[in-house]
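The values are calculated or read from the model by the stated rules, or taken from the named source; none is laboratory data. Fair warning: this is a prediction, and the values are worked out from it, not measured in the lab. Positions of Cβ are generated from backbone atoms using ideal geometry, with glycine treated the same way; all protein chains shown enter the neighbour counts. Note: accessible area is taken over every heavy atom of the protein model, side chains too, but ligands, DNA and RNA are not part of it. Shrake-Rupley method; radii C 1.70, N 1.55, O 1.52, S 1.80 Å.
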Amino acid sequence: MKFDTVLIDIDDTLFDFRKSSYEALVKTFAEIGFSFGEAEMRDYEVFNNELWQSYERGEIEKDFIYAERFRRYFASIGLEADPVAINKRYLYELGEGKNFMPHCLELLQALHGNYLVVIVTNGDTYAQERRIEISGMAQYFDFVFISEQLGTKKPEKDFYDKVFAAIGPERRSRAIMVGDSLSSDMQGGRNAGIPTCFYGSPKRADERCDYVIEDLLDLLPILENG
């Protein structure tokens, strides 16, 4: 067996982050009497995604993202609200999200006991730990590494060096990185020197993707056959 260690992202790979984020934002904005729908979500995501990409490139610190995304969104629509307070409420609501990508449970059950399952995420510590706690999936995770706790982030090589130092340096030669982000997960795998598996449309895949899957269960034959 070529692989025995699966490094896997959480957001939009195992957990349906966008759905949980949308539900959290609807609840958060409802508290200030603002109607938040799909059109508003798309507008908000422009600012949120830009800031996360800047963070991945090392241009800003993560803490800067949280209130700033709301400040920019509020400015664009002329809404007067406290971005710090809104972000705090949003993260609380996000932590209560229990939405999963299709076949998440089936994949984790198949991996459990046969592979070392290592969660690697750049998400907010509170939201990630809370979601894992209430998800019912924690039993399938052998390790969980959150960027805030490591003091570094995907896709930096240092992030992966710290992960392998903790789980065993020898596992690097038998590990694969699975995720939905080209800039974070696929580039991270490249920086770590391990094969990558992109979860998403083949049309979006690039040279950083060694494997591409559109269904989580399609990961299993890759792991079994190398």
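Only residues that are open to solvent by 70 Å² or more (accessible area, probe 1.4 Å), within 27 Å of residue 204 (Cα to Cα) and in contact (Cβ under 8 Å) with a residue 24 or more places away in the chain were counted in segment 137-183, giving 2. Taken together, the residues in segment 187-226 that are closer than 22 Å to residue 105 by Cβ and more than 18 Å from the chain's Cα centre (by Cα) amount to 8.
All conditions but one from (1) farther than 28 Å from residue 221 by Cα; (2) in a helix (DSSP H, G or I) apply to residue 108; the one that does not is (1). All of (1) open to solvent by 20 Å² or more (accessible area, probe 1.4 Å); (2) assigned to a helix (DSSP H, G or I); (3) more than 28 Å from residue 155 (Cβ to Cβ) hold for residue 53 with one exception: (3). Taken over segment 163-186, the criterion of being under 18 Å from the mean Cα position of the chain (by Cα) and either closer than 10 Å to residue 5 by Cα or in a helix (DSSP H, G or I) (or both) is satisfied by 163, 176, 177, 182, 183, 184, 185, 186. Screening the candidates 92, 73 for the property of being farther than 17 Å from residue 33 by Cα and in a helix (DSSP H, G or I) yields one hit, 92. Looking only at segment 132-162, how many residues end up being out of contact with any strand residue (DSSP E or B) (no Cβ under 6 Å at 6 or more places or on another chain) and part of a helix (DSSP H, G or I)? Of the residues in that region, 16 qualify. If you go through segment 209-226 and pick out every residue that is open to solvent by less than 60 Å² (accessible area, probe 1.4 Å), in a loop (DSSP other than H, G, I, E, B) and in contact with a Phe, Trp or Tyr (Cβ under 8 Å, 6 or more places away or on another chain), you end up with 2. Scanning segment 88-115 for residues that are closer than 30 Å to residue 3 by Cβ and open to solvent by 60 Å² or more (accessible area, probe 1.4 Å) returns 98, 100, 102, 103, 105, 106, 109, 112, 113, 114. Of all residues in segment 6-44, count the ones that are open to solvent by less than 10 Å² (accessible area, probe 1.4 Å), of a type in the set (Val, Ile, Thr) and over 19 Å from residue 122 (Cβ atoms). The qualifying residues number 1. How about segment 95-105: which of its residues are in a helix (DSSP H, G or I) and either under 17 Å from residue 30 (Cβ atoms) or in contact with a helix residue (DSSP H, G or I) (Cβ under 6 Å, 6 or more places away or on another chain) (or both)? Passing the criteria: only 95.
Residues in segment 58-78 that are touching a residue at least 12 places away in the same chain (Cβ under 8 Å) and surrounded by fewer than 14 Cβ atoms within 10 Å (Cβ to Cβ): 58, 64, 76, 77.
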